[in-house]
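Taking it in order: structure first as structure tokens, then the write-up.
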Amino acid sequence: MREISPQQIILATALQEQWPRLDILYINAGDVTHKPLGEWNEQAFDRLMNTNLKGPFFLIKALLPMLSNPSSVIVCGSVNARIGLPQSSAYAASKAALLSLARTLSAELHPLGIRVNGLSPGPTETPALNKLSGGENEDKLREDIRALVHIGRLGTPYELAKAAVFLASDESSFVVGIESLVDGGVGNL
Ligand SMILES: NC(=O)c1ccc[n+]([C@@H]2O[C@H](COP(=O)([O-])OP(=O)(O)OC[C@H]3O[C@@H](n4cnc5c(N)ncnc54)[C@H](OP(=O)(O)O)[C@@H]3O)[C@@H](O)[C@H]2O)c1
């Protein structure tokens with residue numbers, strides 16, 4: 001029985017040819033679908049969970065032999081895992097599970113010199129916002145999302161990147177198993 005999917009094997013093989021040792025793994029891809037409970041079907045649920053949870057899990061497994069000692073793995077969570085935002089049910093659950101994975105794998109992998117941490121963005125200016133609106137009422141959606149943010153604006157990808165650089169580098173060598181919230185206060189205020 002095959003243990004990891006062909007896609008993960010192909011990616012690991014392709015990476016191995018160019019970079020046989022990895023110092024940093026940042027797992028960013030996410031299915032950001034938000035919709036009311038009644039509109040979910042099993043196929044859409046499975047696709048979201050495959051992208052946001054199963055994919056990262058087996059990707060880390062596939063790349064494990066290539067991770068250096070020391071190295072840093074960062075998984076991209078979301079502040080949605082901490083708040084009860086309507087229509088985010090499956091998405092928030094997937095990110096909560098992914099952040100849990102960051103903690104458990106931290107304990108399991110730190111003896112190999114691999115630190116695992118979560119980085120949870122709050123509302124951030126990216127193409128995901130267009131996907132959420134489906135092209136309709138985008139200004140209204142943007143205003144509703146902005147209203148959630150205590151410091152009064154969306155974050156920028158650059159602000160996320162600065163936190164990622166910290167977690168990726170030796171500057172955070174004593175940081176393991178955390179969730180770094182970069183969210184303008186949405187999760188804590
Ligand atoms: N923007 C926010 O406000 C926000 C807030 C909290 C957390 N996040 C998280 O931040 C991460 C980046 O999101 P983003 O805001 O930059 O959104 P984005 O612009 O929609 O980027 C998501 C990326 O994931 C890729 N992707 C989705 N499903 C995939 C799959 N099955 N296989 C491979 N790639 C896939 C997308 O590729 P395609 O474009 O080709 O589909 C896209 O490049 C995600 O994990 C998201 O959940 C974002």
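Since every read-out is calculated from the coordinates, none of them should be taken as a lab result. Nothing here was measured: the structure is a model prediction, and the numbers come from that model. Cβ placement follows ideal geometry from the backbone for every residue including glycine, while neighbour counts extend to all protein chains displayed.
Suppose the filter is of a type in the set (A, V, I, L, M), touching a Gly at 6+ places or on another chain (Cβ under 7 Å) and either touching a residue at least 40 places away in the same chain (Cβ under 8 Å) or farther than 16 Å from residue 52 by Cβ (or both); does residue 79 pass it?
Yes, satisfied.
Output the residues belonging to the stretch 148-184 that are more than 14 Å from the chain's Cα centre (by Cα), outside any loop (DSSP other than H, G, I, E, B) and polar (S, T, N, Q).
Listed by number, the list holds a single entry, 172.
Can you tell me which residue in the stretch 110-131 is nearest to the ligand (Cβ to nearest atom), limited to those that are in a loop (DSSP other than H, G, I, E, B) and touching a strand residue (DSSP E or B) at 6+ places or on another chain (Cβ under 8 Å)?
Ranking the qualifying residues of the stretch 110-131, first place goes to 123.
Can you name the residue in the stretch 67-97 that is touching a Lys or Arg at 6+ places or on another chain (Cβ under 6 Å) and more than 12 Å from the ligand (Cβ to nearest atom) and is also farthest from residue 120 (Cα to Cα) among such residues?
Taking the candidates together, the pick is 68.
How many residues are closer than 22 Å to residue 179 by Cβ, touching a Ser or Thr at 6+ places or on another chain (Cβ under 8 Å) and of a type in the set (A, V, I, L, M, F, W, C) when one looks only at the stretch 40-75?
4
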